[in-house]
1. Quick check on my link table: of Lys13/Lys133; Lys25/Lys102; Lys62/Lys102; Lys25/Lys142, which ones sit more than 30 Å apart, alpha carbon to alpha carbon?
2. Using a 10 Å cut-off on Cβ atoms, rank the peptides 90-99, 6-15, 114-123 from the highest mean neighbour count down.
3. Starting from the Cα-Cα distance between Met1 and Tyr34, subtract it from 0.36 nm times their residue separation and give me the gain in nm to one decimal.
4. Once phi is turned into ³J(HN,Hα) by the Karplus curve 6.51 cos²θ - 1.76 cosθ + 1.60 with θ = phi - 60°, what whole-Hz value does each residue of region 97-105 show in order, with x for glycine and proline?
5. Test of understanding: what is the full-extension gain from Thr105 to Lys142, defined as 0.36 nm times their sequence separation minus their Cα-Cα distance?
6. Applying the Karplus parametrisation 6.51 cos²θ - 1.76 cosθ + 1.60 with θ = phi - 60° to the phi angles of region 69-82, what ³J(HN,Hα) value in whole Hz is obtained for each residue in order, glycine and proline being reported as x?
7. Place a +1 charge on the Cβ of each Lys and Arg in the chain and a -1 charge on the Cβ of each Asp and Glu, then give the dipole magnitude about the Cα centre in debye, rounded to the nearest 20.
8. Any aspartates and glutamates with Cα under 16 Å of the Lys111 Cα? List them, leaving off those in the same chain fewer than 8 positions away.
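No value in this document is a laboratory result; all are computed from the given coordinates. Since the structure is predicted, the reported quantities are computational estimates derived from the model, not experimental observations. Virtual Cβ from ideal backbone geometry, glycine too; neighbours counted across all protein chains shown.
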Amino acid sequence: MLLGMILIKATGKHLSDYASDALWKPLNAEETAYWHIDQHMGTELGYCCFNSNARDFARFGKLNNNLGNWDGAQLVDSSFYDLAATPGMVPYYGMGFWMTDKYQTQVYAHKGLFGQYIISIPEYDLVVVRLGKSEGPSSSDKHAQLFHSLVEDAINTFGIEAPLDSNKNSQIN
């Protein structure tokens, strides 16, 4: 929420207007997106509640796979991805991305409140979008079992054996 307020102050625009100009329009989004607002202050909830459709969410995944580049235009500074993929206080989250070290490849994920995911696997140029209402039980690494199933199924579907980290337990409890 604080970052959203900083962006509003720095740009002089509502967060949704800034996001529209900086991301949504350049990504050629097909549908209007909706952002929940704080009913008391009337500002967008900078920490959550951005709603759209699977096809437009997949554009975010493609943007992540291309390190912020969209059809030749650098929409997000590529150095952000190194920073965002560096774990913070916990090994599975950093600067807006959920991560896992279970696989021997980079996996970025945006996670919704109820099992929605935008999963990017840049090495294989794969994007998985899941819209849903429940993510189910967690695994031992704080990700839902569903998350791991989505990553493994995506990798295996395209004929790539899911590269498990040999130092990690590959069983999902």
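1. Working: Lys13/Lys133 32 Å; Lys25/Lys102 35 Å; Lys62/Lys102 22 Å; Lys25/Lys142 34 Å.
Listed pairs above 30 Å: Lys13/Lys133; Lys25/Lys102; Lys25/Lys142.
2. Numbers: 90-99: 15.5, 6-15: 13.6, 114-123: 19.3.
Going from most to least packed, we get 114-123, 90-99, 6-15.
3. Length difference between fully extended and current span is 10.2 nm.
4. Calculated HN-Hα couplings, in order: 10, 8, 9, 9, 9, 5, 10, 8, 8 Hz.
5. Numbers: separation 37, 0.36 × 37 = 13.32 nm, distance 1.83 nm.
11.5 nm is the gain from fully extending Thr105 to Lys142.
6. Using θ = phi - 60°, the values come out as 9, 10, 6, x, 9, 7, 7, 10, 4, 4, 5, 4, 5, 5 Hz.
7. Working: 12 positive and 19 negative charges, 66 e Å.
So the magnitude is around 320 debye.
8. Straight-distance partners of Lys111: Asp56, Glu135, Asp141.
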